[in-house]
Amino acid sequence: MKYIVPKEKYDYGILLGGMIDIESSPENILFLKNNDRLLNTIELFSEKKIKKILISGASGSLTSKLKEAEILKKYLVKIGIPDSCILVENSSKNTYENAIYCEKILTQIHKNEVINCLIITSDYHLRRSLACFKKTNLHTDPYVKKPTIKHFDLEYLIVPQSSSLFDWKILLHEIVGYFTYKLLDYI
């Protein structure tokens, strides 16, 4: 997927979770491969393309009590983003709940106003997340920033890469997730 340029300024950038390890704590954040979501959010906020940040996500784990959104908020405040510009939704366990809970929070704050939101996620997660948010009454646009130029490395073609296993895991997760959401009428 190519870089999607925001067409306007947005009231909220909705940062979808799923980027830190369940062993993380506010003092020791263990970022996963898809932390591009967080970096893109920081960049968009510093460029004033989003007025506020809504971080959505607890933990996708059934057993973890991790509140990812709270940990990420503490991190953003620590690096200088004002606390007043960050909202937290820390109940959702999946993308469908991200959409439902974000809509609930924003409509409580803004009642009958039109709220323009930018969904900030990773490229592989965009299709399913947008489908979930389309079921809400929020006005959303997608945002993904992915390099379009791939570096050619002969070693990468010859030597087996463990990252390929991660890529296959993500692909299968998204395919199963998308069709499961279809069956459950989430999208």
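Observations on the model:
- Within segment 83-113, tally of residues that are within 17 Å of the chain's Cα centre (by Cα) and part of a loop (DSSP other than H, G, I, E, B): 5
- For segment 21-43, the candidate set comprises residues that are of a type outside the set (Val, Ile, Thr) and in contact with a Leu (Cβ under 9 Å, 6 or more places away or on another chain); within that set, the residue that is surrounded by the most Cβ atoms within 10 Å (Cβ to Cβ) is Arg37.
- Among (1) surrounded by 20 or more Cβ atoms within 10 Å (Cβ to Cβ); (2) touching a helix residue (DSSP H, G or I) at 6+ places or on another chain (Cβ under 8 Å); (3) within 11 Å of Ile14 (Cα to Cα), the one test that Leu106 misses: (2)
- Close pairs (8 angstrom Cβ cut-off, 6 or more residues apart or separate chains): farther than 17 Å from Ile100 by Cα and of a type in the set (Ser, Thr, Tyr) in segment 131-159, assigned to a loop (DSSP other than H, G, I, E, B) and modelled with pLDDT of 85 or more anywhere: Tyr143/Thr121
- Evaluation of Leu44 against (1) in a helix (DSSP H, G or I); (2) within 16 Å of the chain's Cα centre (by Cα); (3) within 25 Å of Tyr178 (Cα to Cα) (one fails), failing number: (3)
- Here Ile187 clears all of (1) at pLDDT below 80; (2) surrounded by 15 or more Cβ atoms within 10 Å (Cβ to Cβ); (3) more than 23 Å from Lys52 (Cα to Cα); (4) not aromatic (Phe, Trp, Tyr) except the condition numbered (1).
- Residue within segment 44-56 that is crowded, with 18+ Cβ neighbours inside 10 Å, in contact (Cβ under 8 Å) with a residue 60 or more places away in the chain and β-branched (Val, Ile, Thr) present: yes
- Whichever residue in segment 114-135 is over 13 Å from Asn94 (Cα atoms) and charged (D, E, K, R) and, among such residues, is farthest from the chain's Cα centre (by Cα): Lys135
- Residue match in segment 72-90 (condition: at pLDDT below 90, of a type in the set (Phe, Trp, Tyr) and farther than 22 Å from Glu8 by Cβ): no
- For Lys93, the stated conditions do not hold, so it cannot be described as over 24 Å from Lys74 (Cβ atoms) and either surrounded by fewer than 18 Cβ atoms within 10 Å (Cβ to Cβ) or at pLDDT 90 or above (or both).
- Checking each residue in segment 26-41 for being of a type in the set (D, E, K, R) and in a loop (DSSP other than H, G, I, E, B) picks out Glu27, Lys33.
The values are calculated or read from the model by the stated rules, or taken from the named source; none is laboratory data. Everything quoted here is computed from the prediction, not taken from an experiment. Every residue, glycine as well, gets a Cβ built from its backbone with ideal geometry; the counts of neighbours run over all protein chains shown.
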